[in-house]
Amino acid sequence: MAGILIVEDNTGMAASLDDALRHDGYRTWTAGTGVEALELLAAHREDIDIVLLDRDLPVMSGDTVMTTIRSMGIDVSVLMVTASGSLEDRVEGLDLGADDYLAKPFAFRELSARIRALLRHDSRHRGSLGSGGPGSAPGTGPSPLMIDHGRRLAYWHETPLDLTAKEFAVLQRLDEADGGWVGLDELIAAAWPDGSASTGAAKTVIYTLRQKIEHAGGRGAIESARGKGYRLP
């Protein structure tokens, strides 16, 4: 049973999220301030798998909480939640170390799906998820992905993927790895040969690529693991 820490200063929203997530079978903790969140993480770091982090916290901002989590080396996935969903804000949040970013207001169904995706992509949970575990062989069975390198087109189960040039470059590099892990630096080198991309910009491209593949029916098509990178299983 996965554990989720809800960091939200709006007590009504925190209570609603707590009830809904508990109903879905998660263990939950709630914190109304950044200091309380860090205290709970320190006390329950082996039990908490995901942090739902409000970026707009009073006194200690969500940004400070985010950087502190990473500097402390706490192995936890962070879904940053904020009222601002501009591209610049998303890039900033990802640059700070967030694994995903969700703008308010949001539907609980989307939040729930993102939580499942984070758990699915977190290597610490693969042993309990069945066939996607560490011992499974990547690349088994026919691949639903087809890439026309000459025309720079990609298809998922014959559904065309409307990709940007950088999304295509990232997908092509992942495909070349044949099921192996590809580090973020390698993906940046593939899509930004001049090295101009920030970590957050690269993660944003990977995120939008993953979304497009999932919309074509490829849920879980791009796996990620902290310290390893990304792969097409």
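Brief remarks on what is shown
- Top-ranked residue of the range 148-177 - restricted to ones that are hydrophobic (A, V, I, L, M, F, W, C) and in a strand (DSSP E or B), ranked as farthest from Ser224 (Cα to Cα): Leu153
- Test: residue in the range 88-107 that is basic (Lys, Arg) and within 28 Å of Ala201 (Cβ to Cβ): yes
- Test: residue in the range 49-65 that is over 17 Å from Asp9 (Cβ atoms) and either crowded, with 20+ Cβ neighbours inside 10 Å or free of Cβ contacts under 8 Å to residues at least 24 places away in the same chain (or both): yes
- Scanning the range 20-40 for residues that are part of a helix (DSSP H, G or I) and among the charged types (D, E, K, R) yields a total of 3.
- Of the set (1) open to solvent by 20 Å² or more (accessible area, probe 1.4 Å); (2) aliphatic (A, V, I, L, M); (3) within 19 Å of Pro233 (Cβ to Cβ); (4) at pLDDT 70 or above, all apply to Leu129 but (4).
- Restricting the range 178-215 to residues that are at pLDDT 85 or above and part of a loop (DSSP other than H, G, I, E, B), the residue that is most open to solvent (accessible area, probe 1.4 Å) is Trp181.
- Evaluated against (1) modelled with pLDDT under 85; (2) open to solvent by less than 30 Å² (accessible area, probe 1.4 Å); (3) in contact with a Lys or Arg (Cβ under 9 Å, 6 or more places away or on another chain), Leu119 falls short on exactly one condition, (3).
The values are calculated or read from the model by the stated rules, or taken from the named source; none is laboratory data. The model shown is predicted, which means the values in this text are computed figures rather than measured ones. Positions of Cβ are generated from backbone atoms using ideal geometry, with glycine treated the same way; all protein chains shown enter the neighbour counts. With ligands, DNA and RNA removed, areas are computed over all heavy atoms of the protein, side chains included. Shrake-Rupley method; radii C 1.70, N 1.55, O 1.52, S 1.80 Å.
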